[in-house]
Amino acid sequence: MSRFDALTIGNAIVDIIARCDDDFLARNGIIKAAMNLIDAERAEKLYGAMGARIETSGGSAGNTAAGVAGFGGRAAYIGKVADDPLGAVYDADIRAQGVHFATSPLKDGAPTARSMIFVTPDGERSMNTYLGACVELGPDDIDEATVGAAAITYFEGYLWDPPLAKDAIRKAAGIAHAHGRKTAITLSDSFCVNRYRDEFLDLIRTKTVDIVFANEEDRRHRVCQRGRAQGAL
């Protein structure tokens, strides 16, 4: 019997959420309905342009782990934060949701990641993410005991940007399969599909991942259709 119903692996990000209109997006060069990666300088600029805001621990996979726990499931999470105030907040928040979280924080280097999320009146969200410490997630952060104890290990497509994370995911998938467990990936965003279509298809063809999640926009970018046509799915 598994100790966890799901282990999720992803970018540990503090979400900073504010409402705005479409003119604000245009003035600030923000691509609507997408996740835009930004540097530290732009992160400070957008933060300063925000009006009233809410700050909460998030990240795609972190939110998934919190959702599993919220429905009464047993969840674990692997994600990299820094040894700084935002990192401490993230650690406390996710543990308060009942999620097992034991990834060692980054002691030196970039600060904890944050995402400025602008919500327009139509309910669409436009994310502007500074990855910070997230890019340091690597194979050493993958705990074999945790992966082996999870019925499903689920990771986000956003992780396919930082190079070290790719090795971490492949290591986790190998451990999961060695223990007879399943793996899953969410394609996350159309920009991930555009950038890493061939690599995502390779994960499917090689059975590194067993389950693929995609929304309508991801499907529109043809990773699933192309994979099915070539016998990958």
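Here are a few things to note about the model shown:
- Net length available on complete extension from A96 to N215 is 39.9 nm, with 0.36 nm assigned per residue and the Cα-Cα distance removed.
- Positive minus negative residues near V99 (Lys, Arg vs Asp, Glu; Cβ under 10 Å): +1
- Phi angles across region 26-34 convert, under the Karplus curve 6.51 cos²θ - 1.76 cosθ + 1.60 with θ = phi - 60°, into 3J(HN,Hα) values of 4, 4, 9, x, 9, 6, 5, 6, 10 Hz, Gly and Pro given as x.
- Calculated FRET value between E199 and D108, using beta carbons and R₀ = 30 Å, to 0.05: 0.50
- For region 100-221, share of DSSP beta bridges that run antiparallel, in % to the nearest 5: 45 percent
- Here's how it looks for R114: its modeled amide H is under 5 Å from those of V14, Y130, which are all 5 or more places away or on a different chain.
- Kirkwood hydrodynamic radius (C-alpha pairs) into Stokes-Einstein, the chain, 10 °C and 1.306 mPa s, D in µm²/s: 88 µm²/s
- Loop-resident sites, region 7-51, for trypsin sites (Lys or Arg not before Pro), counting at most 14 other Cβ within 10 Å (DSSP): K32
- Over the chain: helical MRE at 222 nm, DSSP H runs n ≥ 4 each giving -39500 (n - 2.57), nearest 500: -11000 deg cm²/dmol
- Simple spin-label estimate for E144 and R170 in nanometres, 7 Å along Cα-Cβ: 1.8 nm
- Only aspartates and glutamates eight or more places from K166 in sequence, or on another chain, were considered; those with a Cα closer than 18 Å are E136, D140, D141, D143, E144, E156, D189, D198, E199, D202, D210.
- Dipole magnitude of the chain about its Cα centre (Cβ charges: Lys, Arg +1; Asp, Glu -1), debye to nearest 20: 780 debye
- Positive-end residue, region 6-186 charge dipole about Cα centroid, Cβ charges, pick of A150, N28, L137: A150
- Rough spin-label spacing in nm, given labels placed 7 Å along Cα→Cβ, for R27 and R42: 1.9 nm
- Relative contact order, percent, the chain [alpha-carbon distance under 8 Å, six or more residues apart]: 23 percent
- Distance in nm between pseudo-label sites at D122 and T206 (7 Å out along the Cβ direction from Cα): 3.9 nm
- All other residues whose Cβ lies under 10 angstrom from that of A82 are scored, Lys and Arg at +1 and Asp and Glu at -1, for a net of -2.
- The 3J(HN,Hα) values that the Karplus relation (6.51, -1.76, 1.60; θ = phi - 60°) gives for region 165-172 are, in residue order, 5, 4, 5, 5, 5, 5, 5, 4 Hz. Gly and Pro appear as x.
Each value in this text was obtained by applying a stated rule to the coordinates, not by laboratory testing. Quick caveat: nothing in here was measured; it's all calculated off a predicted structure. Neighbour counts are summed over all protein chains in view; Cβ atoms, including those assigned to glycine, are modelled from backbone coordinates with ideal geometry.
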